[in-house]
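The structure under discussion appears below in the form of structure tokens.
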Amino acid sequence: MSFERIVILTGAGVSAESGIDTFRDSGGIWSKVDYRDVATPEGFARNPAKVHDFYNQRRRGLLRVQPNAAHRALARLEAVFGGSFLLVTQNIDDLHESAGSRKLAHMHGEINTALCEACGARSRWSGDMTINSQCPHCSTVGRMRVDVVWFGEMPYHMDRIEAALARCDLFVSIGTSGNVYPAAGFVEQANAAGAHTVELNLEPSEGHSSFSDAIYGRATEIVPEFVRRLLAAEVDAAFERIVPLP
Ligand code: NAD
């Protein structure tokens, strides 16, 4: 099978083997902390210091982790694949970029970016953030927040993502439980576009029955193998185009 327009969606499962906790798995982030306290605008208004601490810890944790074989395989797919390509991630870590991905949309924002609630400017942010942090653009103190999309907020890049889904011929969902919309609905949008849809996950996700195909296992094993087979099929298809088989 040969494809021309690929959309990939990744979730916390793709970074799990790099040492970043997932959200909903047993022992995951939401079993240790209430998302209403740290991942909603209301939680931030109630206790901004607690929210800053939560993301400061996670930002510091990123200094100790590296992209894994699944991140690297997706970067290789982007580099080698000749058609249109978009990698949409729900992850706020920077492991896809570190692996070399460039055609990337962080739909839930990025932990290494700060957003000033006073002037709306975004800035790269590598250290801790506090209730006294100052905006590098407008100099206002005390209005900085991490630039991640909290529950109840609108995910980023939706126009670009929906345009890519509407014309994709292959949609692959990797390491996501399929619980959080709008990402959980992408498979249906891809199905409506007539795409082949594939789930790569540790176990069947909430929406597994919507996919045409599935491979279950650890991301560092199944993603490189899937990419290898996909690129091999592309090479076969290219030869078929150049030298028609008798
Ligand atoms: P999730 O924890 O809900 O699901 C992770 C999935 O990865 C599971 O299906 C699990 O089976 C799978 N998995 C675990 N280890 C794996 C491995 N080694 N290989 C392959 N698969 C593996 O995470 P998600 O689906 O990314 O969820 C989207 C999340 O976005 C929501 O949980 C939401 O909380 C989160 N979110 C967070 C913020 C924030 O931090 N502020 C903001 C918006 C959304």
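The values are calculated or read from the model by the stated rules, or taken from the named source; none is laboratory data. Note that the structure is a prediction, hence the values are computed from the model and not measured. Positions of Cβ are generated from backbone atoms using ideal geometry, with glycine treated the same way; all protein chains shown enter the neighbour counts. Heads up: the accessible areas ignore ligands, DNA and RNA and are worked out on the full protein's heavy atoms, side chains in. Shrake-Rupley method; radii C 1.70, N 1.55, O 1.52, S 1.80 Å.
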| task | Those residues that are open to solvent by less than 50 Å² (accessible area, probe 1.4 Å) and out of contact with any Asp or Glu (no Cβ under 8 Å at 6 or more places or on another chain), I need them from the stretch 139-156; list them, please. | result | THR140, GLY142, VAL146, VAL149, TRP150, PRO155
| said: Step by step: first the residues of the stretch 77-99, then only those that are among the small types (Gly, Ala, Ser) and within 20 Å of ARG167 (Cβ to Cβ), then the one that is nearest to the chain's Cα centre (by Cα). Which residue is that? | reply: SER84
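Among the residues of the stretch 42-65, write down those that are closer than 17 Å to ILE92 by Cβ and open to solvent by 50 Å² or more (accessible area, probe 1.4 Å).
ASP53, GLN57, ARG58, ARG60, LEU63, ARG64, listed by residue number.
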| remark: Counting only helices (runs of 4 or more DSSP H) wholly inside the stretch 1-95, the ones holding at least 1 residues that are more than 23 Å from GLY127 (Cα to Cα) and near the ligand (Cβ under 9 Å from one of its atoms) are 29-32, 69-80
| said: For a quick check of your reading: which strands (runs of 3 or more DSSP E) sit entirely within the stretch 118-214 and have at least 2 residues that are under 30 Å from ALA45 (Cα atoms)? | reply: 122-124, 144-148
| said: Residues that are under 30 Å from LEU165 (Cα atoms), open to solvent by 70 Å² or more (accessible area, probe 1.4 Å) and either acidic (Asp, Glu) or touching a residue at least 12 places away in the same chain (Cβ under 8 Å) (or both): does the stretch 105-113 have at least one? | reply: no
